[in-house]
Amino acid sequence: MSIHTIENTNELERQIATLITIEPRFAPVHKQVGTPNLRHNAGGFEQLMRAMVGQQLSVAAAASIWKRLVDAELITPQAIREATDDTLKTQGLSKQKTRYVRSLVDHDIDFAALETFPNEEVITTLTAVTGIGRWTAEMYLLFSLKRADILAVDDLAIKVAAMELLGLAERPTPKQLKDLTQHWSPCRSAASLLLWSYYGSLRDKTAVPL
């Protein structure tokens with residue numbers, strides 16, 4: 001099975017052009033918002049740990065706690081293994097998030113191997129970790145592994161933007177959105193990026209995660 005990725009802006013623009021031929025309603029959206037930034041990251045343990053730390057927190061609060069963990073050199077599996085729960089609590093981690101981070105350590109994910117896995121196998125591997133849901137796994141696929149065909153149907157901003165794009169009377173459920181957008185494949189990552197930007201223009205705020 002071949003794995004398709006979006007490595008750079010030129011490839012993203014080609015994906016968007018193909019998407020517009022599939023779903024012409026993206027043409028005015030692209031004209032309005034331009035070509036989105038890819039916002040790729042290095043992935044790995046640190047990226048997932050940071051995602052866990054930021055769950056259900058404001059951007060500012062998450063950044064503050066993450067800085068404390070970085071300054072205390074508590075962002076590697078070895079450091080987490082050696083740290084006590086009280087040490088992690090001192091740096092801002094709740095009991096629940098300490099459990100999440102320790103689960104990530106215990107699963108000892110081979111992050112290099114993930115690059116060769118099909119999308120659903122990546123999702124299965126990541127969601128086996130306590131504290132990682134499908135949305136977080138999809139963000140990892142899109143931004144860390146650069147996969148080309150990811151539509152985060154559970155994402156609120158994407159659901160709202162898709163409702164506007166498709167002229168729906170109400171916000172679609174994840175299943176409805178998945179069914180309505182199957183034909184956007186294999187360009188659903190480009191669709192996600194455009195929909196986040198479109199939501200941002202509709203609400204006058206940033207919607208892209210991570």
Answer in debye to the nearest 20: the dipole magnitude of the chain about its Cα centre, from +1 Lys/Arg and -1 Asp/Glu charges placed on Cβ, is 600
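Looking at the stretch 44-136 from every direction and averaging, what is the projected area of its Cα convex hull in nm²? It would help to have the intermediate numbers written out before the result.
Details: hull surface 22.8 nm².
Mean projected area for the stretch 44-136: 5.7 nm², to one decimal.
Once you keep just the Cα pairs under 8 angstrom separated by 6 or more residues, what percentage relative contact order results for the stretch 44-136?
Numbers: 65 pairs, mean separation 26.5, N = 93.
Relative contact order of the stretch 44-136: 29 percent.
Give the shape of the stretch 1-100 as rounded, prolate or oblate, defined through the alpha-carbon gyration tensor: a ≥ b ≥ c are the square roots of its eigenvalues, a/c under 1.5 means rounded, and otherwise the shape is prolate if a/b is larger than b/c and oblate if not. Please list the in-between numbers first.
Values: a/c = 3.52, a/b = 2.47, b/c = 1.42.
Prolate, since a/c reaches 1.5 and a/b exceeds b/c.
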Take peptides 113-122, 159-168, 143-152 and line them up by average Cβ neighbours within 10 Å, highest first, as a rough protection proxy.
143-152, 159-168, 113-122
Cα centroids of the stretch 89-164 and the stretch 64-84: how far apart, whole angstrom?
20
In deg cm²/dmol, rounded to 500, what helix-only [θ] at 222 nm does the chain give when every DSSP H run of at least 4 residues adds -39500 (n - 2.57) and the total is split over its residues?
-17000 deg cm²/dmol
Report the far tail of the P(r) of the chain, meaning the percent of Cα-Cα pairs longer than 21 Å.
56
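Each reported figure results from applying straightforward, stated rules to the coordinates on display, with no laboratory input. Computed from a prediction, not measured in an experiment: that's the story for all the values here. All Cβ positions, even for glycine, are placed from backbone atoms using ideal geometry, and neighbour counts span all protein chains on display.
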